[in-house]
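These notes are about the structure you will find just below.
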Amino acid sequence: MDPSNKITREDVRRVAELASLELTPDEEIGMQRDLDAILGHVVQLNQLNTADIPPMAQVSEILGAQFDAAAESLRPDQPRTSLSREAVMPSAPEADGTYFKVPKVIER
């Protein structure tokens, strides 16, 4: 990635559209600044030599004993009964008695 590439206002609008976000002009300016900063950090990360670093799937793989000690302080996973439908349906903004009704997300 070329560090001279900057996020344009059109880029921000396209990302907002893809994320179904409505941004004010002031929010677009802030998002443009934030995205530029994020991409600047990615450029810095891409400059690091990671040839001798093995790939990993979890951070816990490099934390070792430190992670084991932290894991001991977490509560164990235990099955519990779920909330009843009768208890949660009255809190739903919209429901048909059996299911929550949600607005359609994909319009394109």
Exercise. When you count, for each residue, the other Cβ atoms within 10 Å and take the mean per peptide, how do 20-26, 50-56 rank with the highest first?
Worked result: 20-26, 50-56
Seminar exercise, completed: Residues whose modelled amide H sits under 5 Å from the amide H of Ala95, counting only those 5 or more places away in sequence or on another chain, are Lys101
Exercise. Rounded to the nearest 0.05, what FRET efficiency do Thr24 and Asp52 have when you use their Cβ-Cβ distance and R0 = 41 Å?
Worked result: 0.30
Seminar exercise, completed: Simple spin-label estimate for Glu86/Asp11, 7 Å along Cα→Cβ, in nm, reads 5.6
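Coordinate-derived values only; no laboratory data. Everything numeric here is computed off the predicted structure, so don't read it as measured data. Positions of Cβ are generated from backbone atoms using ideal geometry, with glycine treated the same way; all protein chains shown enter the neighbour counts.
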